[in-house]
1. Which of the residues belonging to the stretch 160-198 are of a type in the set (A, V, I, L, M) and in a loop (DSSP other than H, G, I, E, B)?
2. Tell me yes or no: at least one residue of the stretch 123-140 is closer than 27 Å to Ala65 by Cα, of a type outside the set (Phe, Trp, Tyr) and at pLDDT below 90.
3. Filter the stretch 117-150 down to residues that are within 17 Å of Phe174 (Cα to Cα), in contact with a strand residue (DSSP E or B) (Cβ under 6 Å, 6 or more places away or on another chain) and either surrounded by fewer than 19 Cβ atoms within 10 Å (Cβ to Cβ) or free of Cβ contacts under 8 Å to residues at least 12 places away in the same chain (or both), then give me how many there are.
4. Being more than 14 Å from the chain's Cα centre (by Cα) and within 22 Å of Ala87 (Cβ to Cβ) is the filter here; which residues of the stretch 132-147 pass it?
5. Could you check the stretch 41-52 and list, in sequence order, the residues that are part of a strand (DSSP E or B) and open to solvent by 70 Å² or more (accessible area, probe 1.4 Å)?
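The values are calculated or read from the model by the stated rules, or taken from the named source; none is laboratory data. What you see is a predicted model, and the numbers here were worked out from it, not measured in a lab. When we count neighbours, we look across all protein chains shown, and the Cβ atoms used for this are built from the backbone with ideal geometry, even at glycine. The accessibility values were calculated without ligands, DNA or RNA, using every heavy atom of the protein model including side chains. Shrake-Rupley method; radii C 1.70, N 1.55, O 1.52, S 1.80 Å.
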Amino acid sequence: MAKINRAAVVAVLATGALALPVQAQAQTVSTASASLGAADLVVNGEVTQAGPIAPCDVAGPAAGASDGVDVGADTEFGRGETNCARAGDGVSSAKATGQRFETSVLKQFGGPTIRVRTFSAECRTTTNGSSGYVELGGVSGFTLPQNIPPNHTITIPGRAQGDPPLAELVLNEFTAPTPPDGSLTTTALRIKLFPQGGPASGDIRVGTAACDPYGG
């Protein structure tokens with residue numbers, strides 16, 4: 001389910017769930033973690049890495065904050081914060097909230113500058129699973145659909161017809177193990193460079209939260 005809230009597109013992720021035997025559940029505790037993002041890129045042979053940025057975890061630190069991080073010369077994360085907590089009833093939650101992400105890494109290949117004014121990713125454990133939620137607002141360089149299904153993918157085409165795509169943008173990325181075990185990781189935006197091969201590789205993740213009802 002999704003709704004428009006001002007300039008933001010808000011989407012609720014699908015949940016992952018697995019019912020474990022009662023004895024197994026009693027021996028485990030839920031976990032949750034979050035970060036403002038991360039980058040692991042190779043562009044024209046040059047390696048650029050950063051993150052996780054301002055991470056939090058229910059095991060500590062419970063909160064993180066950043067005044068902004070430059071990732072190489074082409075990518076910037078603005079201010080943001082993360083918060084992780086485990087309540088008295090055993091429910092764990094994590095949330096990352098940030099602003100003014102920008103990357104121009106694709107410009108040298110004829111692609112757009114990608115900007116996100118605000119973003120967030122959060123998750124929460126349930127009795128036998130997890131739920132996730134993301135928000136993106138004020139974007140440019142790509143078009144947000146009114147409703148964002150999990151793993152909605154936008155392809156950035158190559159400079160000329162027949163050229164391999166410059167990137168894939170995955171909005172509302174949802175990943176869970178197969179078979180499902182109740183855990184999930186959700187990312188507001190993931191940018192995959194040259195998914196079919198080319199002068200650059202790697203990815204940038206913007207806003208990530210992970211939850212596991214049986215994590216420890």
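1. Ala160, Leu166, Ala176
2. Yes, there is a match, as at least one residue in the stretch 123-140 is closer than 27 Å to Ala65 by Cα, of a type outside the set (Phe, Trp, Tyr) and at pLDDT below 90.
3. Qualifying residue count for the region: 2.
4. None; the set is empty.
5. Those that are part of a strand (DSSP E or B) and open to solvent by 70 Å² or more (accessible area, probe 1.4 Å): Glu46, Val47, Gln49.
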